[in-house]
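Peer 1: I'd like to ask you about the structure that follows.
The values are calculated or read from the model by the stated rules, or taken from the named source; none is laboratory data. All of these numbers come straight from a predicted model, not from anything done at the bench. Reconstructed Cβ throughout: ideal geometry from the backbone, glycine too, with neighbour counts over all protein chains shown. The protein model used for the area step is the full one, side chains on, heavy atoms only, and it has no ligands, DNA or RNA in it. Shrake-Rupley method; radii C 1.70, N 1.55, O 1.52, S 1.80 Å.
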Amino acid sequence: MSSLREYLGQKRAALLARREAATPGGAPVPLHATVTAEGRSGVRRIRIRDFQILSDSGPDFAGYDLGPGSPELQAGVLGSCVTHIFLIKAAELDVPIDALSVDVRAEYDPRAQAPDNTDIPVYPQNFRYEVRLDSPASDEDLARLHAEVERVCPILNLIRNPQEISGTIVRVAA
């Protein structure tokens, strides 16, 4: 099994090849997910490419605890993205890393869904993350790495700078 430092070498080569292959003025990459509610359990089956993830509620909310809830998944998605961008930027900037993990915390207040609680946000809030890494790099190099991650991490910046989302309903036969 290779080390994380060896992987960063592979990541750097892939990053440079990907950038070289990108066409100037290229188009955005489309993203697609489909989520269906399963009968009897209400489990949400998330399908992305050839992958499936289950999302569920705990027993206190008529769920079976078969997977994380949506707010928990959002914390996990943020952690995954921050971790991945740390790897990408470490490879790009030649910052050696021997171990890396990201711990994400946030709060969600279920009281917000009650009609009389309009002062409580209906979304997860107070996101914070802690990066735990082992690296021989200098504090200055790690600060530069962190600043780059904060600058380009897509999910971190989506949460910080939300955008409009449109939704429609299409009636279908069951």
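Peer 1: Conditions: (1) in a loop (DSSP other than H, G, I, E, B); (2) open to solvent by 60 Å² or more (accessible area, probe 1.4 Å); (3) over 23 Å from Ile155 (Cα atoms). Ala27 meets all but one. Number of the miss?
Peer 2: (3)
Peer 1: Being in a loop (DSSP other than H, G, I, E, B) and open to solvent by 40 Å² or more (accessible area, probe 1.4 Å) is the filter here, so list the residues in segment 152-164 that pass it.
Peer 2: Asn161, Pro162, Gln163, Glu164
Peer 1: A follow-up question, please. Using the structure shown, decide if Ser57 is closer than 23 Å to Val149 by Cα and within 20 Å of the chain's Cα centre (by Cα). Break it down stepwise before answering.
Peer 2: Working: closer than 23 Å to Val149 by Cα: no; within 20 Å of the chain's Cα centre (by Cα): yes.
Criteria not met by Ser57.
Peer 1: Those residues that are under 16 Å from the mean Cα position of the chain (by Cα) and surrounded by fewer than 17 Cβ atoms within 10 Å (Cβ to Cβ), I need them from segment 85-106; list them, please.
Peer 2: Ser101, Asp103, Arg105
Peer 1: If you don't mind, there's one more thing I want to ask. Looking at Arg47, is it within 16 Å of the chain's Cα centre (by Cα), of a type outside the set (Ser, Thr, Tyr) and closer than 18 Å to Cys153 by Cα?
Peer 2: no
Peer 1: If you don't mind, there's one more thing I want to ask. Considering every residue within segment 32-54, establish whether at least one is under 26 Å from Leu100 (Cβ atoms), in contact with an Asp or Glu (Cβ under 7 Å, 6 or more places away or on another chain) and surrounded by 14 or more Cβ atoms within 10 Å (Cβ to Cβ).
Peer 2: No, there is no match, as no residue in segment 32-54 is under 26 Å from Leu100 (Cβ atoms), in contact with an Asp or Glu (Cβ under 7 Å, 6 or more places away or on another chain) and surrounded by 14 or more Cβ atoms within 10 Å (Cβ to Cβ).
Peer 1: Something else about it: Working only within segment 116-151, note down all residues that are open to solvent by 100 Å² or more (accessible area, probe 1.4 Å) and acidic (Asp, Glu).
Peer 2: Passing the criteria: Asp116, Asp119, Asp139, Glu140.
Peer 1: Still on this structure, please answer the following. Quick test of your reading of the structure: Ala174 fulfils all but one of (1) open to solvent by 90 Å² or more (accessible area, probe 1.4 Å); (2) touching a helix residue (DSSP H, G or I) at 6+ places or on another chain (Cβ under 8 Å); (3) among the small types (Gly, Ala, Ser). Name the failing condition by number.
Peer 2: Tallying (1) open to solvent by 90 Å² or more (accessible area, probe 1.4 Å); (2) touching a helix residue (DSSP H, G or I) at 6+ places or on another chain (Cβ under 8 Å); (3) among the small types (Gly, Ala, Ser), Ala174 fails exactly one: (2).
Peer 1: Now, a different point. Would you kindly identify the strands (runs of 3 or more DSSP E) lying entirely within segment 43-138 that contain at least 3 residues that are touching a Phe, Trp or Tyr at 6+ places or on another chain (Cβ under 9 Å)?
Peer 2: Where strands (runs of 3 or more DSSP E) fall fully within segment 43-138 and carry at least 3 residues being touching a Phe, Trp or Tyr at 6+ places or on another chain (Cβ under 9 Å), they are 99-107, 125-134.
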